[in-house]
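Written out below as structure tokens is the structure these notes cover.
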Amino acid sequence: MARLAEFEGIIRREEPLAAYTHLRLGGPAEMLVQPVTVEQLAGVVRACAAEAVPLRVLGSGCNMLVRDEGVRGAVLRLSEPAFVSVVVEGKVVRAGTGASVSALISAAARHGLGGLETLVGIPGTVGGAIRTNAGDRAGDIGTFVRRVEVMDARGGVLTRDRDELRFGDHASNLDDPVLLSAEFALEGDTPEAIVKRMRKAWITRKADQPAAFQAAGRIFKNPRGLNASALLEQAGLARTKVGGAEVSDRDPNYILVHAGATSRDVLRLMDLMRAKVAEKFPVSLEQEIAVW
Ligand SMILES: Cc1cc2nc3c(=O)[nH]c(=O)nc-3n(C[C@H](O)[C@H](O)[C@H](O)COP(=O)(O)OP(=O)(O)OC[C@H]3O[C@@H](n4cnc5c(N)ncnc54)[C@H](O)[C@@H]3O)c2cc1C
């Protein structure tokens, strides 16, 4: 059985994670591991299990807040070529989970395959998007997933077929330690129709999101039948600040991060948002963003 010590070449110790996340906050990972091959990944996963080292996978960190104290254990990044390919065969697109959502959408559109274009403008990797079932009312990624290849805690590769997969509101039942690749079943369409829908989705999303130059994260799930942004708006939270963290006035379900902000500021602001909404409505907001 391989030991983690055998993988020193692909491990960076005490690597600051802020630069790998959208909010650019948080402390270091005890070990940041970037495997080059699936076999190497399997060795790392097995070694982590044998040495009782916690293991997590980081995508683009767009749905993620890393605490200031950082993360113990191993953080995997699937950024090497073995994990980022996007291949189109007929009406099926196969993508590594380290590929970006935008690369997936572009490849599909270039081959005249429609469906995924309503996701345009959602940042992140295919792995993060599948795990969080990224999307909105116009459509979500889960609708098009026909198969996902995953790795279990023993380093074994398994296939999860459509009938095993469940996608809900910003959630999926994919709780395997590592998602490796996914197949999407799409429909042929004309480039004009795809581009038209893409443009519409882009305009709608950009009108709602904070400006692109701002580091912002979407924070809470929509409670059943309700809208988190509307609840936060009605609780008067827009522009509320804690330290360098501020509730967006464009969509109060986003927190903006200003220079000098810490993860602690964001966490305290999240607590305040939750408390103010609970004071006004019989609702307990559940966080959508992963906190490590
Ligand atoms: C400005 C902005 C706008 C956004 N707009 C939307 C939107 O309109 N709709 C929407 O749904 N979301 C939106 N999001 C949220 C985010 O873009 C999605 O959740 C995104 O797809 C996350 O991908 P990621 O690679 O950044 O995942 P990360 O944030 O890195 O990870 C998210 C979760 O997935 C897990 N994960 C990632 N990759 C793997 C893997 N290969 N194997 C196992 N687990 C994995 C992580 O461990 C973590 O639990 C937005 C975020 C931002 C910052």
With label points set 7 Å from each Cα along the Cα-to-Cβ direction at GLU192 and GLU69, the distance between them in nm comes to 6.0
Residue span ARG162 to SER284: 0.36 nm per residue of separation minus Cα-Cα distance leaves a gain in nm of 40.7 nm
Residue span GLU6 to ALA185: 0.36 nm per residue of separation minus Cα-Cα distance leaves a gain in nm of 60.5 nm
Spelling it out for VAL178: with amide H atoms placed in the peptide plane at 1.01 Å from N, the residues 5 or more places away or on another chain with amide H under 5 Å from its amide H are MET151
Exposure-ranked with fewest Cβ neighbours within 10 Å first, THR21, THR190, THR125 stand as THR190, THR21, THR125
Hits for the chain under the membrane-span-like helix rule (DSSP H, Cα axial span at least 20 Å, Kyte-Doolittle mean at least -0.5) are 263-280
For the chain, the Debye formula with one identical point scatterer on each Cα and no solvent gives log10 I(q)/I(0) at q = 0.09, 0.12 Å⁻¹ as -0.46, -0.82
Of 95-106, 40-51, 144-155, 163-174, ordering from highest average Cβ density within 10 Å down gives 95-106, 40-51, 144-155, 163-174
Restricting to Cα pairs under 8 Å and 6 or more apart, the percent relative contact order of the chain works out to 17
Among GluC sites (Glu not before Pro) in the range 218-292, those in a DSSP loop whose Cβ has at most 16 other Cβ atoms within 10 Å are GLU286
With 0.36 nm assigned to each residue of separation and the Cα-Cα distance removed, ASN227 to ARG110 gains 38.6 nm
Cβ-Cβ cut-off under 12 Å around ALA5, Lys and Arg +1, Asp and Glu -1: the net charge is -1
Partner aspartates and glutamates whose C-alpha sits under 19 Å from that of LYS241, ignoring same-chain residues fewer than 8 away, are ASP68, GLU233, ASP249, ASP251, ASP265, ASP271, GLU279
Sorting ALA74, SER181, ALA235 by the position of each Cα along the dipole of the chain (Lys, Arg +1; Asp, Glu -1; all at Cβ), the one nearest the positive end of that ordering is ALA235
In whole Å, largest first, the alpha carbons of the range 1-160 cover along the principal axes 47, 33, 22
Residue-normalised 222 nm signal for the chain, counting each DSSP H run of n ≥ 4 as -39,500 (n - 2.57), nearest 500 deg cm²/dmol, is -7500 deg cm²/dmol
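No lab work stands behind these numbers, since they all come straight from the coordinates. The model shown is predicted, which means the values in this text are computed figures rather than measured ones. When we count neighbours, we look across all protein chains shown, and the Cβ atoms used for this are built from the backbone with ideal geometry, even at glycine.
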